[in-house]
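The values are calculated or read from the model by the stated rules, or taken from the named source; none is laboratory data. These numbers were taken from a predicted model, which means no experiment stands behind them. Reconstructed Cβ throughout: ideal geometry from the backbone, glycine too, with neighbour counts over all protein chains shown. Just the protein is used for accessible areas: all its heavy atoms, side chains included, with ligands, DNA and RNA removed. Shrake-Rupley method; radii C 1.70, N 1.55, O 1.52, S 1.80 Å.
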Amino acid sequence: MTIVVGYVPKPEGRAALVAALEEADLRGEPLHVLNTSKGDAYSDPGYASDEDLAEVTALLEESGVPYELEHRLGDQAGGAADILDAVERLSASLVVIGIRKRTPTGKLLFGSDAQTVLLQAPCQVLAVKA
């Protein structure tokens, strides 16, 4: 089995990565780190830069946990769909996501990738706050 973590270069993404590394080490499972962008904007703050990826790779190498880093432009469906696709494709035992504080109105108007993953993932979900 594999642990999938949705990574964004923000505090909640870093918290999710650290928690996923701890879980992977505890369970003795490999880690699949996923960073995607819909590709419909010129600049996506959730899409990791080369510097971000170098930092993530250094942390992964230092941990000693077997890992795979997937960094690509996703489809138009968004981050939640990419995470759920990876969970299905890899038969993941756990998915780890970072969450941020949002108002009820913000959730209602804009939806939430985290909420979609929590409700639709076929495996356990660990939601981590920054």
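Laid out as a table, the results:
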| read-out | value |
| --- | --- |
| Signed unit charges on C-beta, dipole axis of the range 3-129, positive-most listed residue Pro66, Val18, Ser49 | Val18 |
| With every protein chain in place, the range 3-129: carbon and sulfur % of accessible area (1.4 Å) | 53 percent |
| For Leu94, residues with placed amide H under 5 Å, excluding near neighbours | Thr2, Val4 |
| Per residue, in Å², the accessible surface of the chain once ligands and nucleic acids are set aside, probe 1.4 Å | 57 Å² |
| Highest-fluctuation residue, Pro30, Pro66, Pro45 considered, GNM on the chain with Cα pairs under 10 Å | Pro45 |
| Computed [θ] at 222 nm, helices only, for the chain once each DSSP H run of length n ≥ 4 contributes -39500 (n - 2.57) | -13500 deg cm²/dmol |
| Within the chain: Cβ-based charge dipole about Cα centre, in debye rounded to nearest 20 (Lys, Arg +1; Asp, Glu -1) | 720 debye |
| Gaussian network model of the chain, springs between alpha carbon atoms under 10 Å - residue of Gly78, Gly28, Gly64 with greatest fluctuation | Gly64 |
